[in-house]
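The values are calculated or read from the model by the stated rules, or taken from the named source; none is laboratory data. Remember, predicted model here, so these are calculated numbers, not experimental data. So basically every Cβ, Gly included, is an ideal-geometry build from the backbone, and we count neighbours across all protein chains shown. These accessible areas exclude ligands, DNA and RNA; they are computed on the full protein's heavy atoms, side chains included. Shrake-Rupley method; radii C 1.70, N 1.55, O 1.52, S 1.80 Å.
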Amino acid sequence: MNKSRPKSARALIWAGVLLLLCTVTLPVLPYIWASDSEDITSLDTVENNPRANFWRNVRTGAAGYSAVGGPEANVLINNAGQNWRQFRMNLLAPYGSYLMGAVLFSIAAFYALRGPIRHRSDEPKELLLRFSVYQRVVHWFTAILFWILALTGLILLYGRLVLIPLFGSKGFALTASASKEAHNLFGPIFIVALFMLVIEYARDNFYRKGDLSWLIKGGGMLGKHASAGRFNFGEKIWFWLVLLLGTIISFSGIILDFANLNFDRNTLGLAHVLHGIAAILFISFSFGHIYLGTIGTKGTLRGMTTGYVEQTWAELHHDRWQPDDEMTPETGPLPAAQNE
Amino acid sequence: MSDFILGPFWNFAVIVFTAGVVGRIAMILMCGLSKDLAAARGSSVTGAVGTVARRFFPRKETVKSNRFHIIAGYMFHIGLLALLFFAAPHVQFLKNHLLGFGWPAMPHWAFILSAEIAFAGLILLWLRRVMHPVTRLLTRLDDHLAAWLTFFAMVTGCLALFESFAGLRVLHILGVELLMIYFPFSNLMHAFTFFLSRGTTGARAGRHGVKA
Amino acid sequence: MSSTTTYEPELDFEKGADVLKRQIDWRVASYFSSCVHCGLCAEACQFYVETGDPRYTPIYKLEPLKKVWRQEYTFFGKMAKALGITKPLSEKDFVDWEDLVYDSCTLCARCSMVCPVGNDIAYMIRKEREGFSAAGFAPDELKGATKRAVETGSPMGVTWKALSAQIKHIERETGLPVPVDVKGAEYLGLLSSLEIMGFPEYISSLTRILHQAGVSWTLSSETFEATNSGIQIGDSKVAAELVERVLKVATDLEVSNIISPECGHAYTAIRWESANLIGKPIPFRVVHIVELLDELKRNGRISTTGKTDVKLTFHDPCNLVRKGGVVEEPRRLLNSVASDFVEMKQHGVMNWCCGGGGGVSANDRASGLRLAAFNIKKRQLDELGVNTLVTACANCRNILEEGIEHNEMDVEVVGLTELIAEYLDPPEAGESDSTS
């Protein structure tokens, strides 16, 4: 019914790209300010910072009496802190980067060898509604928050290694502070988004007969056609991973976000370890999801932008899917009117 | 650059905002309106006041089909208003630079909660805007700019939360300045003109004896 | 019937654009300034709800008027137009929007009730039609009806001869005189062509009720038509001309009140727009027949006996509830003659239109859309499970009957005046009651 990609879909994709670009560049903005913000120079004269001097003093081994009744209030130096630091710097950071790098590399290699999966594209194209407005909104709500959190989180983990050498420490101080605030602020919203996402999508993501044979056939990537319903087994696995990793990240995130609520050091350390591992895994899997949803499989993205997929796309990837009639009134008919 | 943003540019933004808003409203009123000569069936004043007040709430008949929109709309507007008028730095600012008197600011946890509600509302509304066929058809560049500038002002405000770095605070001020400058030229004006539009509809309906 | 003007619409873009520009008053300017493109009005419009086509979003139907406002009254709009970034209003806008302005809007004003910033969208569509009709972009049937209204006095070309034949028949049937051209009567009765041709029972009911109430009233042989095609097509000149004819006979016959018949837009035209159209207050009180009946009933001037126990519901004519505030009157009347009156879920000021208001009923190419819009009415009726639907507008009645027939539903549509007449106290001796 529409000859080329509709104008509105194109606009949507550009909006998405713009959004991603902005989220990526936003953390870098402070560097511009750092160059002429005067208070940053105070970092160079660390000796004058009374707080730093105080801690320098504590580090020398000075002990004292504490009237504070909080957990570990009387413990001045705790080895667990150092252990956590060791894990973070020596295990999580390097192996995390190897994993993410490896995933990116494999995707690039796969794309180079196999190229995008294409469906037969007939003219005129018959369109089917795959995702309702609400389903799309919830997906992108989660996705936007995921990327804000992933980027700020990665800055907090790798900023020291990557950004300081690149831009220097002045700007990083601002970036790190801004990232921390953003991460803490958007985290709880992500939990809400995750909740909405799981409720909305759970129904079609339970295991159904035929899913295993889809997996055995490698999801159709091994040459043979693999039959699937509205969601294939790969998408279902991704859904449950999102739920699992999301839950771990959410709970550990809450503990870290509200660290002032009397959690002891070990709890906080454990929360952080889990948070870091789950986040790295989450990001790595998301690369695959993004690849398959965009350039990896032609015609998939428009399902999540306009809501509609081509009939031939559905036949190839989701032949057992019965488009849901009850979804139609909510979104109206095919968006023909706008495609002029 | 900081000096420029905090000094002359701030003054410029305030002037554009104030003059722009006043000018826009004056321009609307100057369009004229012919007097209603038909015999009244009710009071236009009661009608105007009533409609201005009643349209803060959706009609119960429309709640079901617009549930998502209504919830997200309330989240954003209530969250934003709370941030705007009850965030501690804002109360302080209004007291010191504008009004001369202040009022109790909200506690930190309430600030965070308001910010989260407002952000969730804004993002959800914007996503609905680009996803729903109706809003996609209606939306213009203006709507995106308004949403994005608001987001930018809000997000920089939250990054500058503890005012740990002057640079972040300056960034927030810049965001607010851009928003203020853009405000009178955009449909952000609805923050002021909704009194006019609701009022005039209510007045006419009131005269006709209709509870609009 | 003598005609003082003619109506010869021609395609004239310049004129249309000019008229459109002059429609912008501060009400419209404040509406466009407030609109944030939220799209909530869509769900209030039955054309959108029933088709799901986003083009039927009420505020979208106003794009041409909004374009004029943007380019004439806003900073960026003026700048963009000057720099050639945006195209000025063109004939294409009229071509592209004609069906949205005339086919998919009944001026029912339901959208005006829900807009969060309070925009009266129907008010603007009414104004936008001024520009469209001036440019000659209006449905042919509406143009024809307007031409007939101006030239013959009736949009359907009904002549006094036809009406007087009906009157003779009614006089025979009721045994009561139908007063015509009675100078010094208290009330001037008006009719719609649709009633004369399709629902003459209204005239006989009116005769019997007013007779019982002892109201001195009269019809005019010179101007009996209450409907106003000028309001529907959006031509204030024609609308004023048609209103002036009514006011002229009202003056000539020295009446002090004018009764609008069971018609929605006629009520709006004479009650609310007439003074504004001629530019001065009118020296007559205008009432809708439903208002008058309620008044007479409450003053004890008409009395009824018995009630129907048939389950029935009431379809609010949009013009009565959303433009005239006549909500309680028909309900009081109905409850006085019906023991099982039930309300549709959305009634009163939030009723759903029959689908044929604002000239859509006369528009042939809109018939498919009109029937789609009727589906919402069908669902409302099915939900209640009623077989009798009362209304107080001949046009609603006509469109409802069309929809009922199309959907093969078992529902009878009755005029409220008729229903009241049916339960009127038995006539005095010597007069026969032949209606029930």
Original post:
Of the residues C:Asp316, C:Asp140, C:Asp103, which exhibits the maximal mean-square fluctuation in a Gaussian network model of chain C defined by a 10 Å Cα contact cut-off?
Top reply: C:Asp140
Subject >> Isotropic mean projected area of the C-alpha convex hull, the stretch B:37-134 (nm²) >> reply: 10.8 nm²
Original post:
For the stretch C:201-221 and the stretch C:71-107, what is the separation of their C-alpha centers, rounded to whole Å?
Top reply: 49 Å
Subject >> Value at 222 nm in deg cm²/dmol, rounded to 500, when DSSP H runs of n ≥ 4 in chain C each add -39,500 (n - 2.57) >> reply: -14000 deg cm²/dmol
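Before anything else, pin down the relative contact order of the stretch C:312-422: Cα pairs under 8 Å, at least 6 apart, normalised by residue count, whole percent. Intermediate results must be reported in sequence, preceding the final value.
Working: 135 pairs, mean separation 35.7, N = 111.
32 percent.
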**OP:** Identify all lysines with a Cα-Cα distance to A:Lys236 below 27 Å; exclude those on the same chain that are fewer than 8 residues away in sequence.
**Re:** A:Lys209, A:Lys217, A:Lys224, A:Lys298
**OP:** Quote the Stokes-Einstein diffusion coefficient, in whole µm² s⁻¹, for the stretch C:312-422, based on the Kirkwood radius over alpha carbon pairs, a temperature of 37 °C and a viscosity of 0.692 mPa s.
**Re:** 234 µm²/s
Subject >> Shape parameters for the stretch C:13-138, alpha-carbon atoms, Rg then Dmax in Å >> reply: 13.9, 41
Subject >> With DNA, RNA and ligands ignored, accessible area of C:Cys45 (1.4 Å probe; Å², nearest 10) >> reply: 20 Å²
Original post:
Going toward the positive end of the dipole of chain C, with +1 on Lys and Arg Cβ and -1 on Asp and Glu Cβ, which of C:Gly118, C:Leu419, C:Leu247 do you reach last?
Top reply: C:Gly118
Original post:
Ignoring ligands and nucleic acids, what accessible area does C:Lys147 show with a 1.4 Å probe (Å², nearest 10)?
Top reply: 60 Å²
Original post:
Do you know the relative contact order of chain B, to the nearest whole percent, from alpha carbon pairs under 8 angstrom that are 6+ apart?
Top reply: 40 percent
Subject >> Relative contact order (%) - chain C, alpha-carbon pairs under 8 angstrom, separation at least six >> reply: 17 percent
Original post:
For chain C, modelled as a GNM with alpha-carbon contacts under 10 angstrom, which of C:Asn319, C:Asn299, C:Asn119 fluctuates the most?
Top reply: C:Asn299
**OP:** Write out the cysteines belonging to chain C for which the nearest other cysteine Cβ is not under 4.7 Å, or none if no such cysteine exists.
**Re:** C:Cys35, C:Cys38, C:Cys45, C:Cys105, C:Cys115, C:Cys263
Subject >> Cβ-derived FRET efficiency at R0 30 Å, C:Met79 paired with B:Val14, nearest 0.05 >> reply: 0.85
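Against the 2.2 N^0.38 Å scaling, with N counting residues, where does the stretch C:283-370 land? I'd like the Cα-based Rg ratio to two decimal places.
Normalised Rg, Cα atoms only: 1.29.
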Original post:
So what's the Cα pair-distance distribution over the stretch C:153-298, bin width 5 Å, in %?
Top reply: 2, 10, 21, 24, 22, 13, 5, 2, 0
Original post:
Between B:Phe56 and C:Glu405, what is the label-to-label distance in nm when each label sits 7 Å out along the Cα-to-Cβ direction?
Top reply: 5.1 nm
Original post:
Can you pull the percent of Cα pairs in chain B with separation above 21 Å?
Top reply: 65 percent
Original post:
Under 16 Å from the Cα of C:Lys377, which aspartates and glutamates turn up, not counting those fewer than eight places away in the same chain?
Top reply: B:Glu61, C:Glu43, C:Glu50, C:Asp316, C:Glu343, C:Glu401, C:Glu402, C:Glu405, C:Glu408, C:Asp410, C:Glu412
Original post:
In degrees, nearest 10, range 0 to 90: what is the angle between the Cα axis of helix C:328-337 and the longest Cα principal axis of chain C?
Top reply: 30 degrees
Original post:
Efficiency by 1/(1 + (r/R0)^6): what FRET value for B:Val22 and A:Ala108, r their Cβ-Cβ distance, R0 = 41 Å, to the nearest 0.05?
Top reply: 0.10
Original post:
At a probe size of 1.4 Å, how large is the accessible area of B:Asp3, to the nearest 10 Å²?
Top reply: 120 Å²
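Quick check: at a probe of 1.4 Å, how many percent of the accessible area of the protein assembly as shown sits on carbon and sulfur atoms?
62 percent
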**OP:** Tally the DSSP beta bridges in the protein assembly as shown and give the antiparallel ones as a percent, rounded to 5.
**Re:** 15 percent
Original post:
What is the average number of partner chain Cβ atoms found within 10 Å of a Cβ in B:26-39?
Top reply: 6
Original post:
Considering only DSSP beta bridges whose two residues both sit in chain C, what percent are antiparallel, to the nearest 5?
Top reply: 5 percent
Subject >> Residue-averaged beta-carbon neighbours from other chains (10 angstrom radius) around C:37-47 >> reply: 6
Subject >> Average beta-carbon neighbours from other chains, 10 Å sphere, peptide A:284-290 >> reply: 0
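Can you quote the Å³ per residue value for the convex hull of the Cα atoms in the stretch A:107-202, rounded to an integer?
Taking only Cα atoms, the stretch A:107-202 has a hull volume of 179 Å³ per residue.
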**OP:** Using only the Cα atoms, work out Rg/Rh for chain C, with Rh taken as the Kirkwood radius, to two decimals.
**Re:** 0.98
Subject >> Within a Gaussian network of chain C (alpha carbon springs, distance under 10 Å), most fluctuating of C:Leu296, C:Leu194, C:Leu371 >> reply: C:Leu296
Original post:
Rounded to two decimals, what is Rg over Rh for the protein assembly as shown when you use alpha-carbon atoms and the Kirkwood radius?
Top reply: 1.06
**OP:** Just reorder C:Glu10, C:Glu50 by solvent-accessible area, largest first, 1.4 Å probe, all chains present.
**Re:** C:Glu10, C:Glu50
